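The values are calculated or read from the model by the stated rules, or taken from the named source; none is laboratory data. Since the model is a prediction, treat every value here as computed from it, not as a measurement. Every residue, glycine as well, gets a Cβ built from its backbone with ideal geometry; the counts of neighbours run over all protein chains shown. Quick note on the areas: whole protein, heavy atoms, side chains included, nothing else; ligands and nucleic acids left out. Shrake-Rupley method; radii C 1.70, N 1.55, O 1.52, S 1.80 Å.
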Amino acid sequence: MAIFCAASLGAVVWSSAPARGVEPVQRSSVRVTPPYEGSDVRGREFYFTRAIYSGYGRRSSSWRIDFPKADVQFLIGVRRYTNIDAYEYEHPLRLDDPELRRYPFLYALEVGRMALTAAEIEGLRGYLLAGGFLVIDDFWDMGEWQNFEYEIGQVLPEYPIVDIPLDHPLLSAFYEIDELVQVPNVGLASRGGRTWECYSPCQPALRGIFDDHDRLMVVINWNTDLGDAWEWVEQPWYPFTYSSFAYKLGINMIIYGMSH
Amino acid sequence: MRSLVETVFEFLFKYRPVVFENGQFVLSAPWPVLLLVAIGLVLVAAPLLSYLRLGGKLSTADKALLAVLRVSLLAVLVFCLLRPMLIVATVVPQENYLGILLDDSRSMQVADDGRARSDFIREQFGPEGSDLLAGLADRFKLRFFRFSESLQRVSGSGELTFAGSQTRLSHALDGARSELSTVPLAGLVVFTDGADNSEDRLTESLMQLRSRGVPVHTVGIGRERFENDIEIARVEAPRVVLEGSAVAVDVMLTHTGFAGQTVQLNVEDDGRIVSAQEVELQGEGEVTTVRAHFEVTETGPRIFRFRILPEPGELIAENNVRDVLVQVRDRREKILYFEGEPRFEVKFLRRAIAEDENLHVVVLQRTADNKFRRDDVEHPDELAGGFPTTREELFQYRGLILGSVEASFFTHGQLEMIAEFVGQRGGGLLVLGGHNALAQGGYAGTPIDNVLPVVLEPRLTNDSSTFFSEVSVELTPFGRSHPVTQLAPTPEESAERWAELPALSTVNPVFEVKPGASTLLTGHGDGIEKAVMLAAQRFGRGRVVAFPVQDSWIWQMHADIPLDDMTHEIFWRQLLRWLINSVPDQVTAAVPKDRAGIGERLTITTEVVDSAYLEVNDAQATAYVTTPSGLEQELDMEWTVERDGEYEASFVAGENGLYEIRVEVNRDGESLGTAASYVDAAEPVEEYFGSQMRSTLLQRVAEETGGRFYTPQTVGSLPEDVRYTQSGSTVYEEKDLWDMPIVFFLLVGLIATEWGYRRAKGLI
């Protein structure tokens, strides 16, 4: 309940009084904004860094889905519920940008149409092997899985994707999570009913890639859409179940990624 | 051979200086003194009046000069008529004893004067005899002793071996004085190089001899300065380290005749060279200090050998080698890392030390207000209540890392306890930078401020937003040789590596370290110059390090750092190992040195504290000494009373080899802990170190006891000089002074001067 109330509060702040006079960012807005005036992009402990990657087809810029509202709104919750010194605004970076190495937490979504360039493969591989932590979100069904599996196989061919069990420390890093909730996209969530975007009913999955020392490098949220829950949490009609779970798992992934 | 000065003195004054030093001046006129004075006055008055009557022929100055000459002449005559003499005590021939102490140590084999020092002793006291021996034997009954680590009576030099492993001058003087205490003793004569290498208190021995009136004459054999020699004067190494640690050892070299030359220093572990480097020697008289770096890979007591490869023409090769015993521990040391907020530093620090089996970092991290997470705790109850509130709870750790956590989080009692963790418990404290660390965390004026090696900026409190800078670090001259900052096998390569590392960020500007603290790294960047980036100091029994950066993980993650680069891991492992390397346990065991002579008695000292690190005086401490052959000796240790928690016992190291000393301490049937120490018993090699002839020491011995100092060149006058002494059976001799040649020369000189002056003035 607490998380719901606070998340709602944060959402109200977002929707009714945009920070520092900036217009509310709508879902259609995909521009990459510079740091807001008055905010210092340097010197903070945590940046919710979104991966800018290459894609193909109709959604070749799928990295921008929910951007930046989901990012910024999620950060309101992160700053409210934890004492992480988090940068308040969106922070996108290209996978082939050397600056990426300064930000050990990385978020990428809609990877079903990901098509990494050689430079991006090299950049992401170096990032992960050096100690970076990647969270994947919002891709559905076997077709998109196979595309992601292929792409990540280009990056880390020697490491398999495995299931993360419910008793893994990731799921108790901050909140105790004892079941996986399938978070639907905002349209399905608003209508109620089915929660999947697959051709047939599918279950949410939490998978990961571990390094040689059994350290988690990549967390994969498949058949679920945490980003939409972060993005629309301020709406009164948005189901609490989804937003609560998305915030809990999102914060757990950050805390775990900062300490393991 | 006498010196020229002494020869001239004796020619002019008839007697040698020693007679004047020991004699008492008296006048022994055969006539009444008043008569002599009256005659003298008349004799003085007559010439004075005659000069005054000369009228205008002479000036007043001329008259005065002539009068002075005449009066002086007459005064000398009167002095002679008064029959001046010295009363001097001399020994009665063959009624007194003289102790002859001959140095039988190995350093007497040194051939620094073209031949071995021992040759001189053999010549003087050999069966063929010598003038010196004959001169002494004519006057005294001689008693010979040889001394090195002990004193023994001998009949002559034939029993000397010059193989003694130690020179104990004080012990020898005490022994000889004691042995000859029942006979009339005229003095002691010590033939030695003076290369005393004992820890005995010489002052007390000299005071005893002085109070008993026994003069000690010393004969210094050998040179005060070697022509060509290199010596490892000292090696400063930690006595206990963790397995796998990088160790830095200071080696101090002295030399004569090799200034500016480059020599090779090797460090050997069981015959295997673990470090080799070239060293350029400083000028003569200066100590060349070099730091040797190596990694300890084998556990248990290890003897590391430091060796300077001998240079051609070196006088002594044995002093180019020194052994040091280091106890290498293989155990997991526990460190508490308390972080006030989620930070990537936690993740990357844990990764850096993950494969170090000797370090166990327990993390307590505040993730939200009043919400904590714990990582790597040993049991469910560990830190369940948050940061420790009792000494027992905190002092179980050997190190403490404080991250970005504000001082107001702690109670005053906890702040004091952290300071005591360092000062009393001897733990290691590492303070990291961050928004809530150091001055920004409000630590100025707190008990922790007292222990920090850096000066906190009082202006910068709780206002971290005012400062942020990316800083490139730079190794200081001190850091070049410090074990924490060695990133490569050699200091040069290490310095190059540091210069290549990417910049870190800091929100804690620190520019000053406290007196006694050392700066290892400085930083420069936007708006910041010469900032302190890594500083350390010892506080009480522990060590404290300040590392005011917030993202050392950049040295792991940065795009310029190759994936297989180990800089970040090496730095953290070395830093944490150094931080806790010297942290004491509840029970410690120590012997005064790691290398002892065979037959030497050694004292084991144990310090005992309880789990709160308060001294315990009512414990039962037992030492188990295992000899090199495997025999175990059990010793009850006694509380010393002088110091709380300190217990002692002693044993004699009678075998050649490594002794293991294990101490077990119990109180009320419960174990307070155990400790181990080691000592290597072997033939001491100290005789080859500092073996130059020490004239200063020998002169002091002579002067403080009323004796004289000689060299082989001046020792010929010894038999005559030794006669003049107050000790033993003596008679008093009268030595006339009126017939000294100088009196005659004075009279002639005065007469000639007066005559010449008068002739020059036309008076004759």
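Taking the condition of being of a type in the set (A, V, I, L, M, F, W, C) and closer than 17 Å to B:Q396 by Cβ, how many residues in region B:322-378 meet it?
Adding up the residues that qualify gives 9.
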> With respect to the numbered conditions (1) within 23 Å of A:W222 (Cα to Cα); (2) assigned to a helix (DSSP H, G or I), which one is the sole condition not fulfilled by A:R79?
Replying inline: (1)
>> With the condition being within 14 Å of chain B (Cβ to nearest Cβ) and aliphatic (A, V, I, L, M), I'd like the strands (runs of 3 or more DSSP E) fully within region A:161-260 carrying at least 1 qualifying residues.
In response: A:216-222
>> Give all pairs with beta carbons closer than 8 Å in which a residue from region A:74-85 that is at the interface with another protein chain (Cβ under 7 Å from one of its Cβ atoms) and under 20 Å from A:Q235 (Cα atoms) meets a residue that is β-branched (V, I, T) and surrounded by fewer than 22 Cβ atoms within 10 Å (Cβ to Cβ); count only pairs at least 6 apart in sequence or on separate chains.
In response: A:Y81/A:I3
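Residue-by-condition table, conditions (1) more than 12 Å from chain A (Cβ to nearest Cβ); (2) crowded, with 20+ Cβ neighbours inside 10 Å; (3) aliphatic (A, V, I, L, M):
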{"position": "B:H482", "(1), (2), (3)": "yes, yes, no"}
{"position": "B:V532", "(1), (2), (3)": "yes, yes, yes"}
{"position": "B:D551", "(1), (2), (3)": "no, yes, no"}
{"position": "B:L563", "(1), (2), (3)": "no, no, yes"}
> Where in region B:7-113 are the helices (runs of 4 or more DSSP H), entirely inside, with at least 2 residues that are over 19 Å from B:V743 (Cα atoms) and more than 56 Å from the chain's Cα centre (by Cα)?
Replying inline: B:33-52, B:60-81
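Does region B:314-330 contain any residue that is free of Cβ contacts under 8 Å to residues at least 24 places away in the same chain and closer than 30 Å to B:D594 by Cα?
yes
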> Could you count how many residues in region B:680-718 are in contact (Cβ under 8 Å) with a residue 24 or more places away in the chain, open to solvent by 40 Å² or more (accessible area, probe 1.4 Å), of a type in the set (S, T, N, Q) and within 21 Å of B:L206 (Cβ to Cβ)?
Replying inline: 1
> How many residues are more than 13 Å from B:D104 (Cβ to Cβ) and under 26 Å from the mean Cα position of the chain (by Cα) when one looks only at region B:176-190?
Replying inline: 0
> Do we have any residue at all in region B:116-133 that's under 19 Å from B:V722 (Cβ atoms), modelled with pLDDT under 90 and not in a helix (DSSP H, G or I)?
Replying inline: yes
> Got at least one residue in region B:379-400 being open to solvent by 10 Å² or more (accessible area, probe 1.4 Å) and within 12 Å of chain A (Cβ to nearest Cβ)?
Replying inline: no
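Table: residues versus (1) among the β-branched types (V, I, T); (2) touching a strand residue (DSSP E or B) at 6+ places or on another chain (Cβ under 8 Å).
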| position | (1), (2) |
| --- | --- |
| B:A590 | no, yes |
| B:L602 | no, yes |
| B:S611 | no, no |
| B:E615 | no, yes |
| B:Q620 | no, yes |
| B:S629 | no, yes |
| B:Q633 | no, yes |
| B:T640 | yes, yes |
>> Anything in region B:516-533 that is more than 35 Å from the chain's Cα centre (by Cα) and in contact (Cβ under 8 Å) with a residue 40 or more places away in the chain? List them, or say none.
In response: B:G523, B:H524, B:G525, B:D526, B:G527, B:I528, B:A531
> Taking interchain pairs and intrachain pairs at least six residues apart, which have beta carbon atoms under 7 angstrom, with the first residue in region B:341-352 and more than 7 Å from chain A (Cβ to nearest Cβ) and surrounded by fewer than 24 Cβ atoms within 10 Å (Cβ to Cβ) and the second at pLDDT 95 or above and outside any loop (DSSP other than H, G, I, E, B)?
Replying inline: B:R350/B:V361; B:R350/B:V363
> What pairs come up if the first residue lies in region B:24-35 and is surrounded by 11 or more Cβ atoms within 10 Å (Cβ to Cβ), the second is in a loop (DSSP other than H, G, I, E, B), and their beta carbons are under 7 Å apart, counting only those six or more places apart or on different chains?
Replying inline: B:L27/B:L82; B:L27/B:R83; B:S28/B:R83; B:A29/B:L82; B:A29/B:R83
> Cβ-Cβ below 7 Å, separation at least six or inter-chain, first residue in region B:729-740 and in a loop (DSSP other than H, G, I, E, B), second open to solvent by less than 40 Å² (accessible area, probe 1.4 Å): which pairs?
Replying inline: B:S729/B:V91; B:S729/B:V92; B:S729/B:N96; B:L737/B:P84; B:L737/B:M85; B:L737/B:L86; B:W738/B:C80; B:W738/B:P84
> In the set B:E318, B:E333, which member is at pLDDT below 90 and either of a type in the set (V, I, T) or in contact with a helix residue (DSSP H, G or I) (Cβ under 7 Å, 6 or more places away or on another chain) (or both)?
Replying inline: B:E318
> Among (1) open to solvent by 20 Å² or more (accessible area, probe 1.4 Å); (2) over 15 Å from B:T218 (Cβ atoms), where does B:Q124 come up short?
Replying inline: (2)
> How about region A:189-240: which of its residues are closer than 18 Å to A:G257 by Cβ and of a type in the set (K, R)?
Replying inline: A:R207, A:R215
>> Against the condition modelled with pLDDT of 90 or more, open to solvent by 30 Å² or more (accessible area, probe 1.4 Å) and of a type in the set (V, I, T), how does B:I303 come out, does it pass?
In response: yes
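Listed here are the residues, each with its yes/no results for (1) under 23 Å from the mean Cα position of the chain (by Cα); (2) modelled with pLDDT under 90.
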{"site": "B:E227", "(1), (2)": "no, yes"}
{"site": "B:I232", "(1), (2)": "yes, no"}
{"site": "B:Q261", "(1), (2)": "no, no"}
{"site": "B:G271", "(1), (2)": "no, yes"}
>> Take the conditions on the phi > 0 side of the Ramachandran plot and either modelled with pLDDT of 95 or more or part of a helix (DSSP H, G or I) (or both) and apply them to B:G413. Does it pass?
In response: no
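Go through A:E99, A:E158 for me and flag whichever is in a loop (DSSP other than H, G, I, E, B), within 14 Å of another protein chain (Cβ to nearest Cβ) and either free of Cβ contacts under 8 Å to residues at least 60 places away in the same chain or within 29 Å of B:D565 (Cα to Cα) (or both). Outline the logic, then answer.
Details: A:E99 fails: in a loop (DSSP other than H, G, I, E, B).
Sole residue among the options that is in a loop (DSSP other than H, G, I, E, B), within 14 Å of another protein chain (Cβ to nearest Cβ) and either free of Cβ contacts under 8 Å to residues at least 60 places away in the same chain or within 29 Å of B:D565 (Cα to Cα) (or both): A:E158.
Looking only at region B:1-23, which residues are of a type in the set (A, V, I, L, M) and open to solvent by less than 50 Å² (accessible area, probe 1.4 Å)?
Result: B:L12, B:V18, B:V19.
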> For the subset of region B:81-121 comprising residues that are more than 22 Å from B:V190 (Cβ to Cβ) and among the aliphatic types (A, V, I, L, M), which member is most open to solvent (accessible area, probe 1.4 Å)?
Replying inline: B:L81
> When only residues in region B:303-348 that are closer than 18 Å to B:N266 by Cα and aromatic (F, W, Y) count, which is farthest from the chain's Cα centre (by Cα)?
Replying inline: B:F304
> Taking interchain pairs and intrachain pairs at least six residues apart, which have beta carbon atoms under 7 angstrom, with the first residue in region B:467-495 and in a helix (DSSP H, G or I) and the second aromatic (F, W, Y) and open to solvent by 10 Å² or more (accessible area, probe 1.4 Å)?
Replying inline: B:P483/B:W578; B:V484/B:W578
> What number goes with the only condition from (1) buried (at least 18 other Cβ atoms within 10 Å of the Cβ); (2) at pLDDT 95 or above; (3) farther than 30 Å from B:F348 by Cα; (4) of a type outside the set (A, V, I, L, M) that B:D594 does not pass?
Replying inline: (2)
